[in-house]
Amino acid sequence: MAVCARLCGVVHSGGCQPRQQAGGGSETELEECDKAEVLRIEVQPAPRGPRTLLLLPPEILVEIFSCLPGTELPPLALVCRKFRQILSTDTIWRRRCKLEYGVHENLRKLEVTGVSCQEVYVKRINPRVKSGRFMKILPDYEHMNYRDVYTCLLHQYRDILGLWQPDLGPYGGLLNVVVDGFFIIGWMYLPPHDPHVNEPMRLKPVFRIHLMEKKSATVECMYGPKGPHSGQIQLVKKDEFCTKCLQTDYHRMSGGRQEEFRTWLRDDLGRTLDDIFHEHMQELILMKFIYICQYDNCLTYRRIYHPPSQPDDLVQPGFFKGTYGSHGLEIVMLSFHGTVAKATKITGDPNVPAGQPTLEIDLTRPVRLPVLDHLQNIDELTRLIMDIYDEINREQRLARSEEEGASVRVEEPLQGPSSPTKPKARQIDVQGELKPPDQQAFALPDEVMARNEDYPRSCRLCFYGTGLIAGHGFSSPERTPGLFILFDDDRFGFIWLELKSFSLYSRMRDKFQNSRPPSPEAFDEMLKAMQQWTT
């Protein structure tokens with residue numbers, strides 16, 4: 001015990017002198033010495049923790065402090081001068097940047113690859129002396145340290161990391177704010193050009209934040225053809241922030257609005273003016289351009305979450321891109337809620353805006369497809385879907401009538417065909433009977449229009465579902481029956497019977513950081529809020 005006490009610094013090393021003097025004594029004398037030493041250990045108060053830590057070598061303290069969260073380090077610097085000196089070690093802050101924000105770059109050996117000298121430096125002309133000078137447009141990392149990167153950049157803007165939806169009216173969008181090296185960049189996700197739904201997403205930088213000078217973070221707007229320029233970011237409240245461009249003239253082009261429209265049409269939609277034949281499509285595209293450009297990248301963003309997953313989900317939930325006729329490709333979010341699956345629009349259009357549940361799938365009502373020859377007939381598929389639609393209406397009418405007569409027949413147990421538990425049992429039986437094989441042959445009916453003919457010719461499962469349709473301006477919205485087709489883990493489709501059209505959806509394979517909801521309840525609340533944003 002005495003040895004352990006001395007190693008821990010509880011008592012002085014001279015505390016065992018009675019034992020040393022009694023080295024040749026009897027066992028009784030040794031026991032008395034041990035008792036006396038125990039009494040001294042119990043009586044003497046233990047010194048404070050920081051005083052004990054001060055006895056440790058600096059390299060050990062560096063390792064200990066490196067394991068603490070960055071938010072806990074500034075109070076330690078107030079304890080004493082030694083702690084303050086140790087916390088100025090860049091190794092501690094480099095580890096915090098790596099563990100908390102994924103920064104793997106070396107601040108002292110940073111190499112700008114793939115960047116020419118003309119891009120690193122820009123020449124500014126002085127009109128008075130008719131001479132030029134070169135100004136560096138990339139940060140000067142040579143005189144910075146990891147503590148500045150952590151405190152003035154990463155920690156200061158930690159609340160905007162993750163997924164966001166811009167307030168762009170019915171069009172919406174998906175913004176992912178990430179730490180990219182020693183930058184914080186907001187990437188806007190754009191779907192591939194219609195109708196290539198299987199191609200990867202296109203990323204467009206909206207803003208970036210970095211340290212141009214020591215202890216001073218710089219926000220730059222990336223919108224427009226003239227490169228980065230001054231901008232601002234303001235945290236409005238929890239889960240909401242705003243961006244503001246301070247040099248909107250950088251967004252303008254020498255050719256005027258017509259040139260800007262041509263450039264936007266080519267970059268965002270992958271089309272030219274000659275590709276637009278239909279007058280209705282011309283109106284939709286021009287309306288979107290005018291609506292988006294009026295903001296000049298001065299937008300409000302609201303946080304959204306990646307849908308949570310459960311072991312019994314049909315497939316992994318996530319973000320998908322799908323075909324929507326003349327509106328092009330749009331982003332939807334597939335989530336599961338017990339026996340119902342929902343596809344919510346992340347990007348939208350003037351008919352059905354972003355935030356609305358474009359699809360709702362009843363997972364208790366599977367559909368066994370007919371043989372391929374009969375499937376190509378739209379009448380056969382319509383009969384299958386409408387039979388389920390009529391069955392749902394009958395069950396709803398029965399449930400309403402039972403609720404109305406519950407006060408009269410409350411003492412009589414419900415039995416027979418009118419029992420409310422019968423449809424549920426029948427659904428389970430039907431689901432067991434209609435359990436499909438691993439793959440079913442699939443082909444679109446001849447009368448169904450598809451923007452993309454490159455769809456799979458076999459599917460795994462099919463379910464009854466409804467799709468949301470509405471007039472311009474989200475007028476007269478209604479849910480129309482249709483067929484949900486699960487092709488594989490990354491693709492599904494939906495046949496809109498009333499519209500006689502087919503939408504193909506393909507999974508976005510991007511990895512999203514800082515996007516998990518704190519709880520399933522928080523995700524459900526977010527879905528409700530999204531519908532209110534655009535209603």
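Among the residues making up region 310-327, those that are farther than 24 Å from THR263 by Cβ and without any contact (Cβ under 8 Å) to a residue 60 or more places away in the chain are GLN310, PRO311, ASP312, ASP313, PRO317. Within region 188-200, not a single residue is closer than 30 Å to ARG95 by Cα and open to solvent by 40 Å² or more (accessible area, probe 1.4 Å). Take GLU259 and decide whether it is among the acidic types (Asp, Glu), in a loop (DSSP other than H, G, I, E, B) and open to solvent by 50 Å² or more (accessible area, probe 1.4 Å). So GLU259 does not fit the description; no.
Quick check, is MET253 open to solvent by less than 70 Å² (accessible area, probe 1.4 Å), within 13 Å of ILE184 (Cβ to Cβ) and not small (Gly, Ala, Ser)? No: the conditions fail for MET253.
Any chance region 189-207 includes a residue that's touching an Asp or Glu at 6+ places or on another chain (Cβ under 7 Å) and free of Cβ contacts under 8 Å to residues at least 60 places away in the same chain? No: zero hits. Of the residues LEU329, LEU273, LEU314, the single one that is surrounded by fewer than 21 Cβ atoms within 10 Å (Cβ to Cβ) and closer than 30 Å to PRO228 by Cα is LEU273. Kindly indicate whether LYS109 is open to solvent by 80 Å² or more (accessible area, probe 1.4 Å) and out of contact with any Ser or Thr (no Cβ under 8 Å at 6 or more places or on another chain). Here the answer is yes, as LYS109 does meet what is asked. For GLU220, the conditions (1) within 23 Å of ARG507 (Cα to Cα); (2) buried (at least 20 other Cβ atoms within 10 Å of the Cβ); (3) charged (D, E, K, R) are fulfilled apart from (1).
The set of residues from region 175-192 being in a strand (DSSP E or B) and of a type in the set (A, V, I, L, M, F, W, C) comprises LEU175, VAL177, VAL178, VAL179, PHE183, ILE184, ILE185, TRP187, MET188, LEU190. I want to confirm something. Restricting to region 469-502 and keeping residues that are among the β-branched types (Val, Ile, Thr) and touching a residue at least 24 places away in the same chain (Cβ under 8 Å), which single residue is surrounded by the fewest Cβ atoms within 10 Å (Cβ to Cβ)? That would be ILE469. Reported count of residues in region 51-69, each being under 12 Å from THR91 (Cα atoms), open to solvent by less than 60 Å² (accessible area, probe 1.4 Å) and of a type outside the set (Ser, Thr, Tyr), is 3.
From PHE492, PHE512, PHE487, PHE523, grab the single residue that is modelled with pLDDT of 95 or more, under 30 Å from LEU99 (Cβ atoms) and not hydroxyl-bearing (Ser, Thr, Tyr). Answer to the check: PHE523.
Summed over region 269-309, the residues that are touching a residue at least 12 places away in the same chain (Cβ under 8 Å) and assigned to a helix (DSSP H, G or I) give a count of 11.
Scan region 332-361 for residues that are open to solvent by 30 Å² or more (accessible area, probe 1.4 Å) and in contact with a strand residue (DSSP E or B) (Cβ under 7 Å, 6 or more places away or on another chain) and the total you get is 5.
The set of residues from region 223-242 being surrounded by 13 or more Cβ atoms within 10 Å (Cβ to Cβ) and in contact (Cβ under 8 Å) with a residue 24 or more places away in the chain comprises TYR223, GLY224, PRO225, PRO228, GLY231, ILE233, ASP239, GLU240, PHE241, CYS242. For region 362-383, taking the residues that are part of a loop (DSSP other than H, G, I, E, B) and open to solvent by less than 20 Å² (accessible area, probe 1.4 Å), the one that is nearest to ILE469 (Cα to Cα) is identified as VAL367. Scanning region 151-174 for residues that are closer than 19 Å to LYS237 by Cβ, assigned to a helix (DSSP H, G or I) and in contact with a Gly (Cβ under 9 Å, 6 or more places away or on another chain) gives a single hit, ILE160. Can you work out which of the residues in region 503-535 that are touching a strand residue (DSSP E or B) at 6+ places or on another chain (Cβ under 9 Å) and of a type in the set (Ser, Thr, Tyr) is most open to solvent (accessible area, probe 1.4 Å)? Restricting to residues being touching a strand residue (DSSP E or B) at 6+ places or on another chain (Cβ under 9 Å) and of a type in the set (Ser, Thr, Tyr), the top hit is THR534.
Taking the criterion of being within 17 Å of GLN165 (Cβ to Cβ) and hydrophobic (A, V, I, L, M, F, W, C), the residues of region 308-328 that qualify are PHE319, PHE320. When you check ARG266 against the structure, is it in a loop (DSSP other than H, G, I, E, B) and of a type outside the set (Gly, Ala, Ser), yes or no? When the stated conditions are applied, ARG266 does not pass them. Among the residues of region 342-361, those identified as β-branched (Val, Ile, Thr), within 20 Å of the chain's Cα centre (by Cα) and not in a loop (DSSP other than H, G, I, E, B) are THR344, THR347, THR358. Here PRO456, PRO436 are screened, and the one residue that is modelled with pLDDT under 90 and more than 25 Å from VAL352 (Cβ to Cβ) is PRO436.
The values are calculated or read from the model by the stated rules, or taken from the named source; none is laboratory data. Small disclaimer: the values here were computed from a predicted structure and weren't measured. When we count neighbours, we look across all protein chains shown, and the Cβ atoms used for this are built from the backbone with ideal geometry, even at glycine. For the accessible areas, the whole protein counts, side chains as well, though only heavy atoms, and no ligand, DNA or RNA atoms are used. Shrake-Rupley method; radii C 1.70, N 1.55, O 1.52, S 1.80 Å.
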